[in-house]
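Worksheet: one structure, shown below.
The values are calculated or read from the model by the stated rules, or taken from the named source; none is laboratory data. Note that this is a predicted model, so its numbers are computed, not measured. All Cβ positions, even for glycine, are placed from backbone atoms using ideal geometry, and neighbour counts span all protein chains on display. Accessible surface is based on the protein model in full, side chains and every heavy atom, while ligands, DNA and RNA are left aside. Shrake-Rupley method; radii C 1.70, N 1.55, O 1.52, S 1.80 Å.
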Amino acid sequence: SDMAGDDWLSILYTLHQKDLKVVGIAVDGTGEAHCDLKTGNDIGAKNALGLISLAGKEAENIPVACGSTNPLKGHNEFPAVWRKAADTMQGNRLPHTSQKVLTSDAVHLIVSILKNSKKIIINKSR
């Protein structure tokens, strides 16, 4: 997630689906909201935790981690005014949560989720 406004609604919608289980949220380090563990500015991930709390899912301990702040290609950034709006959730307040942002990055979170998955999907079309 880049934690822009459209993602807030997507996350809340997904968290409320009875046939889906959210097992983690990776917040893009180059996204609209800031998410940089190196500088300690992990507000995008903290906002994701706030959305989890807002959805009443805090007890599920859904892990949230920041992704890399280095883009795969190019060096374009969202305009500063957009990033500030995403960081502040456009002025919307989220409930407090005791859950913390992971100290490992989003890549490690995704790898861990996949390694610990009980279901293995094999593509037999090859």
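Amide H of Val64: which non-local residues (sequence gap of 5 or more, or other chain) have their own amide H closer than 5 Å, using H built in the peptide plane?
Residues meeting the criterion, in which the H sits 1.01 Å from N, are Ile25, Leu102.
From the Cα gyration tensor of segment 43-110, with a ≥ b ≥ c the square roots of its eigenvalues, which class applies: rounded if a/c is under 1.5, or else prolate if a/b is larger than b/c, or else oblate?
Because a/c hits 1.5 or more and a/b fails to exceed b/c, segment 43-110 counts as oblate.
Taking the Cα centre of the chain as origin and charging only Cβ (+1 Lys, Arg; -1 Asp, Glu), how large is the dipole, in debye to the nearest 20?
Value, rounded to 20: 580 debye.
Tell me which residues come under 5 Å, amide H to amide H, from Asn41 once H is placed; ignore anything under 5 positions away on its chain.
Here Asp36 satisfy the definition.
Looking at this model, which pairs from Lys46/Lys115; Lys18/Lys73; Lys38/Lys115; Lys84/Lys118; Lys46/Lys119 are more than 32 angstrom apart at the alpha-carbon?
Long pairs (Cα-Cα over 32 Å): Lys18/Lys73; Lys84/Lys118.
Hey, any idea what % of the chain's accessible area is carbon plus sulfur with a 1.4 Å probe?
Answer for the chain: carbon and sulfur cover 55 percent of the accessible area.
I need the fraction of alpha carbon pairs in the chain separated by more than 17 Å, rounded to a whole percent.
Here the tail beyond 17 Å accounts for 59 percent of pairs.
Quick check: Cα centre of segment 77-102 to Cα centre of segment 1-63, how many Å?
Answer, in whole Å: 10.
Work from the charge dipole of the chain (Cβ charges, +1 for Lys and Arg, -1 for Asp and Glu, about the Cα centre) and give the residue of Tyr13, Ala33, Gly91 farthest towards its positive end.
Tyr13
Given an 8 Å cut-off on Cα distances and at least 6 residues of separation, report the relative contact order of the chain as a percent.
30 percent
Explain nothing, just compute: Karplus ³J(HN,Hα) = 6.51 cos²θ - 1.76 cosθ + 1.60, θ = phi - 60°, for every residue of segment 66-74 in order, whole Hz, x for Gly and Pro.
The phi angles translate into 8, x, 5, 8, 9, x, 5, 8, x Hz.
Identify, among Val81, Val23, Ser104, the residue whose Cα sits farthest towards the positive end of the charge dipole of the chain, taking +1 on the Cβ of Lys and Arg and -1 on the Cβ of Asp and Glu, with the dipole about the Cα centre.
Going by the Cα projections, it comes out as Val23.
Nothing charged except the Cβ atoms of Lys and Arg (+1) and of Asp and Glu (-1): what's the magnitude of the dipole of segment 10-72 about its Cα centre? Round to the nearest 20 debye.
The calculated dipole for segment 10-72 is roughly 120 debye.
What value, in deg cm²/dmol to 500, does the helix sum -39500 (n - 2.57) over DSSP H runs of n ≥ 4 give at 222 nm once divided by the residues of the chain?
Theoretical 222 nm ellipticity from helices: -9500 deg cm²/dmol.
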